[in-house]
């Protein structure tokens, strides 16, 4: 099993931390929001019968264009050619073409 580093995005902590203390409330509807760096991780699993299974795929290479106005909510912060999915898989000694199944952990 390999953890693949697909770069980072900057995001409002309220999106990813349940019960984060700066969530809006009736008494404080507009609190100051903390922004954090979120590392995007995929997992490559080598299964003895199913072959290479990829859990998560990261963001689109052209995330800014694909996400449109939503890009401003969580812009990409650290991303180089080293963080692309094909490069991360190649760093494990495999090729992206060898992946036999993809599992998505979240869809929105």
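The values are calculated or read from the model by the stated rules, or taken from the named source; none is laboratory data. Please read all numbers here as calculations on a predicted model, not as lab measurements. All Cβ positions, even for glycine, are placed from backbone atoms using ideal geometry, and neighbour counts span all protein chains on display.
Of these, 69, 48, which one is exposed (fewer than 11 other Cβ atoms within 10 Å of the Cβ), out of contact with any helix residue (DSSP H, G or I) (no Cβ under 6 Å at 6 or more places or on another chain) and under 17 Å from residue 1 (Cα atoms)? Checking each option against the conditions leaves just 48. On inspection, residue 16 does not qualify as under 21 Å from residue 3 (Cβ atoms), in contact (Cβ under 8 Å) with a residue 40 or more places away in the chain and touching a strand residue (DSSP E or B) at 6+ places or on another chain (Cβ under 7 Å).
Here's the yes/no breakdown for (1) surrounded by fewer than 12 Cβ atoms within 10 Å (Cβ to Cβ); (2) assigned to a loop (DSSP other than H, G, I, E, B); (3) under 18 Å from the mean Cα position of the chain (by Cα); (4) at pLDDT 95 or above:
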residue: 4; (1), (2), (3), (4): no, no, yes, yes
residue: 8; (1), (2), (3), (4): no, no, yes, yes
residue: 27; (1), (2), (3), (4): yes, yes, no, no
residue: 32; (1), (2), (3), (4): yes, yes, no, no
residue: 37; (1), (2), (3), (4): yes, no, yes, no
residue: 41; (1), (2), (3), (4): no, no, yes, yes
residue: 58; (1), (2), (3), (4): no, yes, yes, no
